[in-house]
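Participant: There's a structure below that I have some questions on.
The values are calculated or read from the model by the stated rules, or taken from the named source; none is laboratory data. As the structure is a prediction and not an experimental result, all values here were calculated from the model. Here the Cβ positions follow ideal geometry from the backbone for every residue, glycine too, while neighbour counts run over all protein chains shown. Calculation scope for accessible area: heavy atoms of the full protein, side chains included, ligands and nucleic acids excluded. Shrake-Rupley method; radii C 1.70, N 1.55, O 1.52, S 1.80 Å.
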Amino acid sequence: MPNFNGVWSLTTQAQYASDWPQVPPPGKAFWHGGATSGDNRRNDIQTITFATLGDATDYGDLTSTRFKLSGCSNSTRGLTIGGRESSDVNTIDYYDLTSSGNASDFGDLSAAVQGPSALANSTRGVRGGGETGSKVNVMEYVTISSTGNATDFGDNTESRMNHGSAASSTRGLFAGGQTSGTSDVIDYITIGSTGNSQDFGDLTVAGYHMSGCSNSTRALFGSGTSRTSTIDFVTIASTGNATDFGDPSVNRNGATGAASTTRAVFGGSGNTIDFVNIESAGNATDFGDLTFSNQSNEQWGACSTAHGGVV
């Protein structure tokens, strides 16, 4: 209890420490892989802190240089999924999100694939689609805290690549992508089970080479081919068509996004990072710059320590 002057003693503060409100550590977003001009593939892992505007910094290296890959994470471990070196690869890497360093081998996908999408909750990562010589509808999953090869999950409603993805703790979404044409389809899955995806609704505009990210309730999809000035949103727990959220600060083709509980950041072709506040629709604002300028159309992976699947 405080003394008669209303001042708490150090002893009493320590006694009641468990009752004080806890401030969570600031979340971080990570980008990995990519390519500069001329398909010069990169192995960089770079990071920003959501709460602080500024440029990305170097974090470590992947096990190889590659682009056209995807990524997902729980709060402590990031995964990189597939991609293209001199040819397509079935590689899954993992790296520690709590201390900087290089990635290590996790296991293999069922096939070498470029342009997949990936999402996760706190325990499971799911890869959807991509191209293995032709576009596929395959989904497969891994347990993030372990290592090992991916296991079949089910099928998407359509075969596609270069699409966006997002997740809550229970539900995953895949949106848009490159099919025989350009898709506006949003699918959903229940991450903790297995089975084929189901129709969720449609984007406001069809597009591919697009980004996706979420907090626990709302998913955002945006940028990319045919979507150079649009960010859409949906409520993850429901179904239905997407609603316009706002516009990115720059037109992009090949964007990738990551999110905290309150803020979404996007980086893509070029080196610009911009952000929005997830719960209030509006246009994106400049955040800072990535460590290098990623080539247009060349997908790279992103993840965060505080995405909707784990918070």
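Participant: Quick one: Cα convex hull volume of region 116-163, Å³ per residue?
Facilitator: 72
Participant: Over region 156-308, with the other protein chains present, what is the accessible area per residue in square angstrom, probe 1.4 angstrom?
Facilitator: 31
Participant: Give me the percent of the accessible area of region 74-116 that comes from carbon and sulfur atoms, probe 1.4 Å, all protein chains in place.
Facilitator: Ligands and nucleic acids excluded, carbon and sulfur reach 34 percent.
Participant: Please list, ordered by chain and number, the residues whose modelled amide H lies under 5 Å from the amide H of Thr123; skip anything fewer than 5 residues away on the same chain.
Facilitator: none
Participant: Taking amide H positions as placed in the peptide plane 1.01 Å from N, state which residues far from Arg77 in sequence (5 or more) or on other chains have amide H under 5 Å from it.
Facilitator: Sorted by chain and number, the residues that satisfy this are Leu97.
Participant: What relative contact order, as a whole-number percentage, does the chain give when Cα pairs under 8 Å and 6 or more residues apart are counted?
Facilitator: Values: 1027 pairs, mean separation 51.1, N = 311.
Taking the mean separation of contacting Cα pairs over the length of the chain, I get 16 percent.
Participant: So if the hydrodynamic radius of region 41-144 is defined as the Kirkwood radius over C-alpha pairs, what does Stokes-Einstein give as its diffusion coefficient at 20 °C and 1.002 mPa s, in µm² per second? Working shown, then result.
Facilitator: Details: Rh = 14.0 Å.
Once the numbers are plugged in, D ends up at 153 µm²/s.
Participant: Next up: Do the sum for the chain: with -39,500 (n - 2.57) for every DSSP H run of n ≥ 4, divided by all residues, what is the mean residue ellipticity at 222 nm, to the nearest 500 deg cm²/dmol?
Facilitator: My calculation for the chain gives -500 deg cm²/dmol from helical runs alone.
Participant: Determine the gain in length on full extension of the stretch Ser99-Thr243; use 0.36 nm per residue of separation and subtract their C-alpha separation, reporting nm with one decimal.
Facilitator: So the chain would gain 48.1 nm between Ser99 and Thr243.
Participant: Quick one: Karplus J couplings for region 132-142, per residue in order, coefficients 6.51, -1.76, 1.60, θ = phi - 60°, nearest Hz, x for Gly and Pro?
Facilitator: 10, x, 9, 5, 10, 10, 5, 10, 8, 9, 9
Participant: Another one. Excluding the sites themselves, what is the longest stretch of the chain that contains no chymotrypsin sites (Phe, Trp or Tyr not before Pro) in a DSSP loop with at most 12 other C-beta atoms within 10 Å?
Facilitator: 17-311
Participant: Quick one: grab the alpha carbon gyration tensor of region 172-215, order the square roots of its eigenvalues as a ≥ b ≥ c, and give me rounded if a/c is under 1.5, else prolate or oblate depending on whether a/b is larger than b/c. Display every interim value, and only then the final one.
Facilitator: Values: a/c = 2.15, a/b = 1.60, b/c = 1.34.
Here region 172-215 falls in the prolate category.
Participant: Let me ask something else about it. Would you mind pulling out the separation of the Cα centroids of region 152-177 and region 279-296, in Å?
Facilitator: Cα centroid to Cα centroid, the span is 23 Å.
Participant: Identify which of Val276, Val205, Val113 has the largest mean-square fluctuation in a Gaussian network model of the chain, with springs joining Cα atoms closer than 10 Å.
Facilitator: Among Val276, Val205, Val113, the largest GNM mean-square fluctuation belongs to Val205.
Participant: Ok, one more. Normalised by the number of residues in region 114-214, what is the relative contact order in percent for Cα pairs under 8 Å and 6+ residues apart? Can you show the working numbers first?
Facilitator: On the way: 288 pairs, mean separation 24.5, N = 101.
Once normalised by length, the contact order is 24 percent.
Participant: The chain: Rg/Rh from Cα coordinates, Kirkwood Rh?
Facilitator: 1.02
Participant: What are the ³J(HN,Hα) couplings of region 255-262, residue after residue, when phi is run through the Karplus curve with 6.51, -1.76, 1.60 and θ = phi - 60°? Round to Hz, x for glycine and proline.
Facilitator: 7, 9, x, 8, 9, 9, 5, 10
Participant: Specify whether the C-alpha gyration tensor of region 122-214 places it in the rounded, prolate or oblate class, a ≥ b ≥ c being the square roots of the eigenvalues: rounded for a/c under 1.5, otherwise prolate if a/b is larger than b/c and oblate if not.
Facilitator: Working: a/c = 1.90, a/b = 1.43, b/c = 1.33.
Because a/c hits 1.5 or more and a/b exceeds b/c, region 122-214 counts as prolate.
Participant: Show the residues, 5+ positions off or on another chain, whose built amide H is closer than 5 Å to the amide H of Phe200.
Facilitator: Result for Phe200 returns Ile186, Asp187, Tyr188.
Participant: Region 140-288: D in µm²/s via Stokes-Einstein (Kirkwood Rh, Cα pairs, 4 °C, 1.567 mPa s)? Don't jump to the answer; show the numbers that get you there.
Facilitator: Details: Rh = 15.3 Å.
Once the numbers are plugged in, D ends up at 85 µm²/s.
Participant: Also, I was wondering about something else. With a 1.4 Å probe and every protein chain kept in, tell me what percent of the accessible surface of region 255-302 is carbon plus sulfur.
Facilitator: Of all accessible area on region 255-302, carbon and sulfur atoms account for 40 percent.
Participant: Write down the percent of antiparallel bridges among all DSSP beta bridges whose residues are both part of the chain, to the nearest 5.
Facilitator: Expressed as a percentage, antiparallel bridges in the chain total about 100.
Participant: Now for a separate question. What percent do you get for the relative contact order of region 125-279 when only Cα pairs under 8 Å and 6+ apart count?
Facilitator: Once normalised by length, the contact order is 15 percent.
Participant: Still on this structure: From the square roots a ≥ b ≥ c of the eigenvalues of the alpha-carbon gyration tensor of region 211-306, which class results: rounded (a/c under 1.5), prolate (a/b over b/c), or oblate?
Facilitator: Here region 211-306 falls in the prolate category.
Participant: If you don't mind, another one. Short version: ³J(HN,Hα) in whole Hz for each residue of region 38-50, in order, from phi by Karplus 6.51 cos²θ - 1.76 cosθ + 1.60 (θ = phi - 60°), x for Gly and Pro, what are they?
Facilitator: Computed from phi, the couplings for region 38-50 are x, 6, 6, 5, 10, 10, 5, 10, 10, 9, 9, 9, 3 Hz.
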